[in-house]
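Undergrad: I am attaching a structure below and will ask some questions about it afterwards.
The values are calculated or read from the model by the stated rules, or taken from the named source; none is laboratory data. Everything quoted here is computed from the prediction, not taken from an experiment. As a convention, Cβ positions derive from the backbone with ideal geometry for all residues, glycine included, and neighbour counts pool all protein chains shown. Quick note on the areas: whole protein, heavy atoms, side chains included, nothing else; ligands and nucleic acids left out. Shrake-Rupley method; radii C 1.70, N 1.55, O 1.52, S 1.80 Å.
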Amino acid sequence: MAAIKPEEISHPPMDQLQGLEYCIDSNPSWAETIALGFQHYILALGTAVMIPSFLVPVMGGSDDDKVRVVQTLLFVEGINTLVQTLFGTRLPTVIGGSFAFMVPIISIIHDPSLAMIEDPHLRFLSTMRAVQGALIVASSIQIILGFSQIWAICSRFFSPLGMVPVIALVGFGLFDRGFLVVGTCVEIGIPMLILFIAFSQYLKNFQIRQIPILERFALLISVTVIWAYAHLLTASGAYKHRPELTQRSCRTDRANLISSAPWIKIPYPLEWGAPTFDAGHAFGMMAAVLVSLVESTGAYKAASRLASATPPPAHVLSRGIGWQGIGILLNGLFGTLTGSTVSVENVGLLGSNRIGSRRVIQVSAGFMIFFSMLGKFGALFASIPFPIFAAVYCVLFGLVASVGLSFLQFTNMNSMRNLFITGVALFLGLSIPGYFREYTIRAFHGPAHTRAGWFNDFLNTIFFSSPTVALIVAVLLDNTLEYKDSAKDRGMPWWAKFRTFKGDSRNEEFYTLPFNLNRFFPPS
């Protein structure tokens with residue numbers, strides 16, 4: 001047997017991922033674009049329904065209130081997604097609701113001044129207004145950091161090595177929304193997982209009119225099949241005598257969304273009343289805004305690779321964060337009950353169907369706005385059981401995490417320094433939030449439990465987030481541990497050409513503002 005040559009063993013690093021059918025600025029036919037956009041809309045429904053379904057009942061809200069919040073959240077998601085793809089990073093990213101805001105919001109819900117209100121509907125409205133006020137104030141953090149270019153300056157301390165744990169844990173850190181939720185209804189969750197993998201991977205070469213239908217529309221087809229199967233089980237009475245948790249997870253008629261939804265309802269600002277402002281609530285919410293900023297930074301970098309673009313320059317990244325801050329301000333004004341972040345599952349779908357087109361995401365934003373106003377139709381799609389979404393998350397979150405690991409190709413992983421930083425940041429990024437979650441479950445409060453509620457909310461929110469912990473650890477170690485002699489090992493020579501807008505000719509192709517707006521907002 002002939003000796004293997006070194007060049008046959010190694011794989012040269014690649015600036016852009018290969019094998020995508022459509023990249024960020026190329027588009028499928030309009031028929032495919034509409035179908036692909038609808039697929040992204042369906043995927044975004046999971047988080048948009050899950051967050052209000054958990055929070056609204058705790059606040060004293062009714063099914064009608066829950067439907068209104070879901071509609072409002074989808075409406076604002078559509079606006080934020082459209083704005084981000086036009087004027088922000090211009091990456092094909094859906095801007096959805098964020099679980100990072102759960103800790104400060106739950107703290108507001110349990111505020112004694114609100115919890116003592118006896119009338120449930122009045123308590124719901126009062127809590128909603130308090131959350132709105134906190135979001136409005138806290139949004140200033142991202143607006144200032146983004147539009148002042150402070151976040152661009154901060155990004156100078158990021159290297160490919162430092163970003164590996166952050167991007168990886170944007171995916172891996174969401175493991176509790178994967179098989180743990182699938183397990184609540186295995187009879188529909190596991191078939192969904194198997195079917196989605198089979199269509200998107202094993203049968204991806206099946207074509208109709210030279211279009212890989214099963215790969216491109218794996219999510220839409222598999223959701224339709226399993227949703228129909230779940231409805232058949234529900235209608236046949238398979239869950240009549242099952243435990244309440246099983247019924248809530250498996251049945252297609254337990255969400256009470258369709259019956260409660262109006263036919264037509266256009267969300268508008270301040271529909272819950274005038275927001276109320278409290279310094280403690282706002283300070284706790286600021287931690288969630290910072291977490292959202294970190295998680296979105298990792299997700300933007302993952303989206304750039306899955307859209308076959310170059311890494312977003314510091315100026316573009318900061319611009320996107322600024323517009324995301326505007327999005328959180330809109331969340332507060334409209335009353336969505338959560339803030340905004342990049343939807344990680346929709347980033348993963350870019351890689352699963354190999355379509356990184358910006359136009360597809362803009363069409364999905366149109367679906368969000370349209371169906372949020374047509375309540376009955378939106379509620380119909382929102383009745384899809386959560387385990388179906390969770391099965392898809394098992395694949396898509398893992399795909400985003402692997403994109404983070406792909407940044408290792410630009411670093412020297414034969415360096416003990418790099419191995420130490422990567423391993424410690426990944427481990428602590430999983431272990432510290434795991435400790436905070438377990439402690440909270442046992443003690444009904446976070447490890448930070450002083451008399452200062454705002455301080456507790458701030459620390460507990462920061463350390464609940466895996467990507468945020470990973471960023472703190474990785475960037476600190478990467479910039480203090482033998483950093484002067486390790487620029488090449490950290491991947492900085494490769495990173496440097498993408499740091500500025502004009503550092504690489506491809507940057508201008510991907511990130512230039514539309515309508516010739518760069519004349520008025522010249523890139524730095």
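Undergrad: Using a probe of 1.4 angstrom, how much of the accessible area of the range 186-250 is carbon and sulfur, in percent?
TA: About 64 percent, which is the carbon plus sulfur part of the accessible surface.
Undergrad: Can you order the peptides 307-314, 433-440 by their average number of other Cβ atoms within 10 Å per residue, highest first?
TA: Values: 307-314: 24.8, 433-440: 16.1.
Highest mean packing first, the order is 307-314, 433-440.
Undergrad: Can you give the translational diffusion coefficient of the range 404-499 in µm²/s, computed by Stokes-Einstein from the Kirkwood radius over Cα pairs at 25 °C and 0.890 mPa s?
TA: This corresponds to a translational diffusion coefficient of 162 µm²/s.
Undergrad: Whenever you get a sec, line up Glu215, Glu244 from highest to lowest accessible area (probe 1.4 Å, protein heavy atoms).
TA: Result of the area sort, largest leading: Glu244, Glu215.
Undergrad: If a cysteine in the chain has no other Cys Cβ under 4.7 Å from its own Cβ, put it on the list, ordered by number.
TA: Result for the chain is Cys23, Cys154, Cys394, no neighbouring Cys Cβ within the cutoff.
Undergrad: Carbon and sulfur atoms: what percent of the 1.4 Å accessible area of the range 374-482 do they account for?
TA: So the carbon and sulfur contribution to the accessible surface is 73 percent.
Undergrad: Arrange the peptides 358-369, 444-455 so that the one whose residues have, on average, the most other Cβ atoms within 10 Å appears first.
TA: Ranked by mean Cβ neighbours within 10 Å, highest first: 358-369, 444-455.
Undergrad: Taking the alpha carbon gyration tensor of the range 261-316, what are the square roots of 5 times its eigenvalues, largest first, to the nearest whole Å?
TA: 33, 22, 9
Undergrad: Please work out whether the range 308-355 counts as rounded, prolate or oblate from its C-alpha gyration tensor, where a ≥ b ≥ c are the square roots of the eigenvalues and a/c under 1.5 means rounded, while otherwise a/b larger than b/c means prolate and anything else oblate?
TA: oblate
Undergrad: Here's something else I'd like to know. Along the Cα→Cβ direction, 7 angstrom out, place labels at Thr246 and Lys502. What is the inter-label distance in nm?
TA: 6.7 nm
Undergrad: Could you give the size of the charge dipole of the range 396-524 about its Cα centre, using +1 on the Cβ of each K and R and -1 on the Cβ of each D and E, expressed in debye and rounded to the nearest 20?
TA: Its charge dipole is roughly 140 debye.
Undergrad: Per residue, what accessible area does the range 398-505 have, given a 1.4 Å probe and all protein chains present, in Å²?
TA: Heavy-atom SASA per residue in the range 398-505 reads 52 Å².
Undergrad: Looking at the chain, what % of the alpha carbon pairs are farther apart than 42 Å? Mind showing how you got there, number by number?
TA: Working: 21300 of 137026 pairs.
When every Cα pair of the chain is considered, 16 percent fall beyond 42 Å.
Undergrad: Only Cα pairs under 8 Å and at least 6 apart count here; give the relative contact order of the range 238-385 as a rounded whole percent.
TA: On the way: 112 pairs, mean separation 62.5, N = 148.
Relative contact order here is 42 percent.
Undergrad: Now a separate question. What whole-number value in Å² describes the accessible area per residue of the range 1-112 for a 1.4 Å probe?
TA: Value for the range 1-112: 38 Å² per residue.
Undergrad: Now, a different point. I need the phi-derived Karplus couplings for the range 158-163: 6.51 cos²θ - 1.76 cosθ + 1.60, θ = phi - 60°, integer Hz, Gly and Pro marked x.
TA: Coupling constants for the range 158-163: 8, 10, x, 5, x, 7 Hz.
Undergrad: Of Phe206, Ala228, Met373, which is farthest on the positive side of the dipole of the chain, counting Cα position, with +1 on Lys and Arg Cβ, -1 on Asp and Glu Cβ, and the Cα centre as origin?
TA: The listed residue farthest towards the positive side: Phe206.
Undergrad: Charges only on Cβ, +1 for Lys and Arg, -1 for Asp and Glu: so what's the dipole of the chain about the Cα centre, in debye to the nearest 20? Let's see the in-between values first.
TA: Details: 36 positive and 31 negative charges, 101 e Å.
Magnitude of the dipole: close to 480 debye.
Undergrad: Just to make sure I understand: if all protein chains stay in place, what is the order of Arg319, Arg209, Arg242 by accessible area at 1.4 Å, largest first?
TA: In descending accessible area the options line up as Arg209, Arg242, Arg319.
Undergrad: Over the chain, calculate the relative contact order: mean separation of alpha carbon pairs under 8 Å at least 6 apart, over the residue count, as a percent.
TA: Contact order relative to length: 32 percent.
Undergrad: Pick out, from Gly446, Leu349, Ser259, the residue whose Cα sits farthest towards the positive end of the charge dipole of the chain, with +1 on the Cβ of Lys and Arg and -1 on the Cβ of Asp and Glu.
TA: Working it through, the farthest residue towards the positive pole turns out to be Leu349.
Undergrad: Between Leu17, Ser62, Met128, whose Cα lies farthest towards the positive end of the dipole of the chain when Lys and Arg beta carbons carry +1 and Asp and Glu beta carbons carry -1, centred on the Cα centre?
TA: Of the options given, the answer is Leu17.
Undergrad: I've got another one for you. Sorted by accessible area with a 1.4 angstrom probe, largest first, how do His231, His11 fall?
TA: Numbers: His231 105, His11 155 Å².
Highest to lowest solvent-accessible surface, that is His11, His231.
Undergrad: Residues of the range 143-206: accessible area per residue at 1.4 Å, in Å²?
TA: Each residue of the range 143-206 exposes 44 Å² on average to a 1.4 Å probe.
Undergrad: Quickly rank 456-465, 265-274 as a protection proxy: mean count of other C-beta atoms within 10 Å, highest first.
TA: Put in order of decreasing packing, that is 456-465, 265-274.
Undergrad: Given the pairs Lys301/Lys502; Lys66/Lys204; Lys240/Lys265, which span a C-alpha to C-alpha distance of over 27 angstrom in this model? Show your work: numbers first, answer last.
TA: Working: Lys301/Lys502 18 Å; Lys66/Lys204 38 Å; Lys240/Lys265 33 Å.
Going by Cα-Cα distance, Lys66/Lys204; Lys240/Lys265 fall outside the 27 Å limit.
Undergrad: Then there is this: Specify the inter-centroid distance of the range 114-170 and the range 457-492, based on alpha-carbon positions, in whole Å.
TA: 20 Å
Undergrad: Along Cα→Cβ, 7 Å out, is where each label goes; now give me the distance between the ones at Asp63 and Asn414 in nm to one decimal.
TA: Simple spin-label model gives 6.5 nm for this pair.
Undergrad: Pop out the carbon and sulfur fraction of the accessible area of the range 33-103 as a percent, whole number, probe 1.4 Å. Write out the running numbers ahead of the final one.
TA: Working: 980 of 1360 Å².
Solvent-exposed carbon and sulfur of the range 33-103 make up 72 percent of the total.
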